[in-house]
1. Order by neighbour count: Val118, Val55, fewest other Cβ atoms within 10 Å first, most last.
2. What distance in nm separates the two pseudo spin-label positions at Lys8 and Asp32, each 7 Å out from Cα along the beta-carbon direction?
3. At a 10 Å Cβ-Cβ cut-off, how would you order Trp106, Trp76, fewest neighbours first?
4. Could you work out the helix-only [θ] at 222 nm for the chain, with each DSSP H run of four or more residues adding -39,500 (n - 2.57) and the total divided by the number of residues, to the nearest 500 deg cm²/dmol?
5. Over the range 90-140, one equal point on each Cα, no solvent: what is log10 I(q)/I(0) by the Debye formula at q = 0.32 Å⁻¹?
6. Would you pull out the residues with amide H under 5 Å of His37's amide H, same chain only if 5 or more places away, H placed 1.01 Å from N?
7. I need the trypsin sites (Lys or Arg not before Pro) found in the range 1-80, filtered to DSSP loop residues with at most 14 other beta carbons within 10 Å of theirs.
8. How high is the relative contact order of the range 28-147, in percent, counting Cα pairs under 8 Å that sit 6 or more residues apart?
Amino acid sequence: MLKGGKIKAWKMHDWGDSFRIDVPLSNARVADYDALHLPGGVMNPDMLRMDEDAVDFVRRFFEAGKPVSSICHGPWMLIQADAVRGRTLTSWPSLKKDLRNAGANWINEDVVEDRGLVTSRGPQDLAAFDKRIVELFAGTPLRVNQAA
């Protein structure tokens, strides 16, 4: 399903910019990356979680203990990768029940960090979310089970 070429972003209620894919998933190795960000939106996370190679790639980030961030509907992939059980996180409100059914503790905060996973609800929280993921990806000591 996933291949090279370009991907198109979604910007609130319309299409956003297009971006060239520099490393197709089939060539990507977790060892080559320091961190992973799973963006939100509805269509892309929903399609991405249907690709077993993408799910496995995300799962391997957690197995390697590398930092991961996700916003909005991005946590659908975290559910698919079996990475939420026992973790505290947030997301777009409509995912609350999905996350709880998958064993997560869902809370309604702008940014939540738990053992190297930073999550946020949506675009309204970008300032706080961006600040925390930059700190996380730069190696700032992590807080466990606390809202950032």
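Every number in this text was worked out from the coordinates using simple rules, so none of it is lab data. Being a predicted model, the structure only gives us computed values, none of them experimental. So basically every Cβ, Gly included, is an ideal-geometry build from the backbone, and we count neighbours across all protein chains shown.
1. Working: Val118 26, Val55 19.
Ordered from fewest to most neighbouring Cβ atoms within 10 Å, Val118, Val55 come out as Val55, Val118.
2. Each label point lies 7 Å from its Cα, and together they span 2.7 nm.
3. On the way: Trp106 22, Trp76 25.
The most exposed by this proxy come first: Trp106, Trp76.
4. Numbers: 5 runs with 43 residues, N = 148.
After summing the helix terms and dividing by the residues of the chain, the value is -8000 deg cm²/dmol.
5. Values returned for q = 0.32 Å⁻¹ are -1.21.
6. Ser69
7. Numbers: sites: Lys3, Lys6, Lys8, Lys11, Arg20, Arg29, Arg49, Arg59, Arg60; in loops: Lys3, Arg29, Arg49.
The qualifying sites are Lys3, Arg29.
8. On the way: 222 pairs, mean separation 27.3, N = 120.
Value for the range 28-147: 23 percent.
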